[in-house]
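The values are calculated or read from the model by the stated rules, or taken from the named source; none is laboratory data. Bear in mind the structure is a predicted one, so any value in this text is a computation, not a measurement. Heads up, the Cβs are rebuilt from the backbone with ideal geometry, glycines too, and the neighbour counts pull from every protein chain shown.
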Amino acid sequence: MGRYVLRRLLQMIPVFIGTTFLIFVMVHALGDPVNALFGDKAPDPAVAAQIRAQYNLNDPLWLQYVKYMGNLFRWDFGTTFSGQTVTSLLATAYPATLKLTAVAFTIEVVFGIGFGLISGLRRGGVADNSVLILTLVVISIPTFVTGYVLQYLIGVKWGIVPATAGDPLTLQSLLLPGIVLASVSLAYVARLTRTTVAENSKADYVRTATAKGLPRRRVVINHLLRNSLIPVVTFLGTDLGALMGGALVTERIFNIHGVGFYLYQGIVRQNSNTVVGFVTILVIVFLAANLLVDLLYAVLDPRIRYA
Amino acid sequence: MPVATRVRWAVIAATSVALVATGCSSSSSSSSGTNANGVVQAWWGDPQNPLEPVNTNEVNGGAVLNMIFTGLVSYDPKTSKASNANADSITSTDQQNWTVKLKPGWKFSDGTTVTASSYVDAWNYGALVTNKQVNASFFQYVQGYNDVAPPTGAPTAQTMSGLKVVDDNTFTVALSQKFSTWPQTLGYSAYYPVPKSFFTDHAAYLNKPVGNGPYLIQSWTRSQKMQLRPNTAYSGTNKPKNGGIDLKVYTDTNAAYADLQSGNLDLDNGIPNSALKTIQTDLNGRYINEPAGIIQTISFPLYQVDWNTDNAKLVRQGISMAIDRATITKVVFTSTRTPATDWTSPVLGDAGGYKAGLCGSVCNFDAAKAKQLIQQGGGIPGGQLTISYNADGPHKEWVDAVCNSINNAMGDTKSCVGRPVGTFADFRNQVTTKQMTGAFRTGWQMDYPLIQDFLQPVYTTGASSNDSHYSNAQFDALVSKANADADVTQSVTDFQTAEKMLATDLPAIPLWYQNGTAGWSSKVSNVMLDPFSVPVYSEITVK
């Protein structure tokens, strides 16, 4: 187990370097950011030269990358054009995004698995059919459409919850963005759970458990659900990264100042420090989530053992 | 303490459940009259640069500086007329050497006094190239600017030789050229004074800038919210009529508009295009849409040989006449643009140099004449007109509309085509390094409401924003003469004579004047936009 984890951690290093370099190159491919600082005016050449020197923009790209990575290992993510350190942005943005992701993830797990279980156990019934239709509708509508429509109806027209999440973030204000962010994944989780539950309910071990005279509750939760969850957990693990990425859209709609806000602003202003810094952390989160999922397999399925 | 309770309710209204909040805010707004302590929740975007006076050239940082500073002169939000604010007098006998006298006793919000040094030190700091201030070039007319900001190499001086402190309330400015309207430029944010703490603890200053204006910054959570409250040390005439402004940062204009409609936001001057069609009914007419000091143009690369001929002039005139400005501004922009008929802006007013129709027939839509002129000029150079624009801005729609208009006039669907460039930075890069081969979009937002600002930086030979690289000795001479005129009326007339040359040479085609738009909630009233399309925050009253 220990050796497996170590091997996985070592594998992360090239992935990490590769992704950060790609992002670095892509941001720089957009061109010289200094001109944009001056708006529609031609930049004063002397001032522009000074700013370029400050951000190492005169160096060849590989040297800029080496310098950037060198600073990164000293936990110096650089500064934005507005003079803030990227680390301070990370410190305000990630908690906000994590809160939103946590809310969305909880909704996704609880309702996704719940709906899936119900419809899987009562296949062909009213509950099953309504879950199938509802999830189909949710999957076919893009997140930003769901977001704007729900914001308008629930936030603006009926005024049940605030239209935007605002500051400070409360659980209440994150509920609507959480539902929007979770909706598509929730639909997938429900359908996935439904299929595996339906399949496993005919399995030998379920029949044996029922024949033993175990209470139905125990059969369903300990035997049926636990075995059905293996593919669902795989999906949830990879989805955690997708949720943080999908938060970009949701954060914009509900004005949450998280990772999406700073990434968007960084891209618009072509501030490579911000973009690379935020993506770097996103990459780490994604890698860690994947590792966690692989380890969870072993917990759920006794047949899987890591040497 | 009924007042304190009401303020607290306002804050809660912005953050908690809207159902409860509407109940509370309606009960508080039902009490009649205005509430001098009411706080306005206003739309804001994250400033691009640190909040230093000379380092701010965009509207978000500008809005704050405007509230926390008052410069030597200020502009009337309605008429754009400049009048002395912190200055007692700005005089000159030769339009080149100026003496500035301050009104004594003005204070910064930290209690220190505004003196002549507050201005001179601020200007020297702003001009010095190693301080990397984006608006440093505003001091280019001051003597000694080239020593503190040489085009290449290190500065040879730390201060500009043209600035001299005479006494606590007097300083003199020597310019490198005659500039009769120079005093009227001094309301721009680059010319604000700074207190001593700006130099002694710069990092702390940037976290909480201090000024001499009607408001002071009470708290600022970067990228989230800024709370501004009335500055009790303020000595000027624009004393706030409300209890303060809370600026809330929005990433998405749609989110702000949703907040405005649901009562979580009182003032929104970042109205999304998608809302313009329904805004009148959405807000019950609480919407303002009026010209701002911004003109949009299409420029031509006069540095390309085939665009710099006499025939090409005819072609440019023809292109201008092929554009149906009235229809495009109405359909594409939902009337938030006004067709342009000169190269300035209506906000200048007739006395300030705006002249409707100065462009003449060249700016009128006439498809038949357009086609004839273009053919007479030998057709469009290269056979097809491209209009370059930055694709990260809202430009595709109108560029396509302009091209359609030209194509229709020419009776050829391939006469004109839009050419998107990925980002604004890359687009500007191509423009400033003279890589354009066809037409490209240009816009000019005035720095101060003067006809000089619409002409000199954009169309004189070698000027900093002369993107088309237009060069006309006669035009340059007239601008110099206008700058030297002691009489303002004569100066404006000379500028207009120069401007008329643009109508024949057409280095840039005027398209439309951009409007400023804002919507507000039923909780506030007396919302105005100044000529820079920034809300006049101090005049807003809260119910």
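What to note about this one:
- Of everything in the stretch A:259-307 that is among the β-branched types (Val, Ile, Thr) and within 15 Å of A:Pro231 (Cα to Cα), the residue that is farthest from the other protein chains (Cβ to nearest Cβ) is A:Ile304.
- Within the stretch B:160-189, the set of residues being closer than 16 Å to B:Asn131 by Cβ and at pLDDT below 95 comprises just one member, B:Ser189.
- Test: residue in the stretch A:23-46 that is outside any helix (DSSP H, G or I), modelled with pLDDT of 80 or more, closer than 18 Å to A:Phe278 by Cα and more than 9 Å from chain B (Cβ to nearest Cβ): no
- Total residues in the stretch B:225-265 satisfying the condition of being of a type in the set (Asp, Glu) and within 23 Å of the chain's Cα centre (by Cα): the figure is 2.
- Residues within the stretch B:126-170 that are facing chain A (nearest Cβ under 10 Å), out of contact with any Asp or Glu (no Cβ under 6 Å at 6 or more places or on another chain) and of a type in the set (Ser, Thr, Tyr), tallied: 2
- Residue check, B:Asp426 among the charged types (D, E, K, R) and at the interface with chain A (Cβ under 10 Å from one of its Cβ atoms): yes
- Among the residues examined, B:Asp46 qualifies as within 14 Å of another protein chain (Cβ to nearest Cβ), in a loop (DSSP other than H, G, I, E, B) and touching a residue at least 24 places away in the same chain (Cβ under 8 Å).
- Any hit, the stretch B:505-520, residues being buried (at least 24 other Cβ atoms within 10 Å of the Cβ), within 14 Å of another protein chain (Cβ to nearest Cβ) and farther than 29 Å from A:Ala36 by Cα: no
- Subset of the stretch B:335-363 [more than 20 Å from the chain's Cα centre (by Cα), surrounded by 18 or more Cβ atoms within 10 Å (Cβ to Cβ) and outside any helix (DSSP H, G or I)]: B:Leu358, B:Cys359
- For the stretch B:142-165, the count of residues that are farther than 28 Å from B:Pro230 by Cα, in contact (Cβ under 8 Å) with a residue 60 or more places away in the chain and either out of contact with any His (no Cβ under 7 Å at 6 or more places or on another chain) or part of a helix (DSSP H, G or I) (or both) is zero.
- Residue match in the stretch B:86-94 (condition: surrounded by fewer than 20 Cβ atoms within 10 Å (Cβ to Cβ), within 14 Å of chain A (Cβ to nearest Cβ), among the polar types (S, T, N, Q) and over 26 Å from B:Pro531 (Cβ atoms)): no
- For the stretch B:235-265, a tally of residues being assigned to a loop (DSSP other than H, G, I, E, B), under 25 Å from B:Asn37 (Cα atoms) and within 14 Å of chain A (Cβ to nearest Cβ) returns 5.
- Of the residues making up the stretch B:210-234, those that are within 15 Å of B:Tyr192 (Cα to Cα) and either within 12 Å of chain A (Cβ to nearest Cβ) or polar (S, T, N, Q) (or both) number 1.
- Only residues that are part of a helix (DSSP H, G or I) and either surrounded by fewer than 20 Cβ atoms within 10 Å (Cβ to Cβ) or free of Cβ contacts under 8 Å to residues at least 60 places away in the same chain (or both) were counted in the stretch B:376-400, giving 5.
- Some residue of the stretch B:211-229 being within 30 Å of A:Leu248 (Cβ to Cβ), of a type in the set (Phe, Trp, Tyr) and either at pLDDT below 95 or surrounded by fewer than 22 Cβ atoms within 10 Å (Cβ to Cβ) (or both): yes
- A:Arg3 meets each of the listed conditions (1) surrounded by 13 or more Cβ atoms within 10 Å (Cβ to Cβ); (2) over 15 Å from A:Gln270 (Cα atoms) apart from (1).
- Unique residue being closer than 30 Å to B:Met501 by Cα and surrounded by 20 or more Cβ atoms within 10 Å (Cβ to Cβ) when the list is B:Ala312, B:Ala255: B:Ala312
- Applying the criterion of at least 3 residues that are surrounded by 22 or more Cβ atoms within 10 Å (Cβ to Cβ) and of a type in the set (Val, Ile, Thr) to the helices (runs of 4 or more DSSP H) found wholly in the stretch A:138-215 leaves A:171-200.
- Residues being touching a residue at least 12 places away in the same chain (Cβ under 8 Å), closer than 30 Å to B:Met436 by Cβ, of a type outside the set (Val, Ile, Thr) and part of a strand (DSSP E or B) are represented in the stretch B:269-292 by at least one member.
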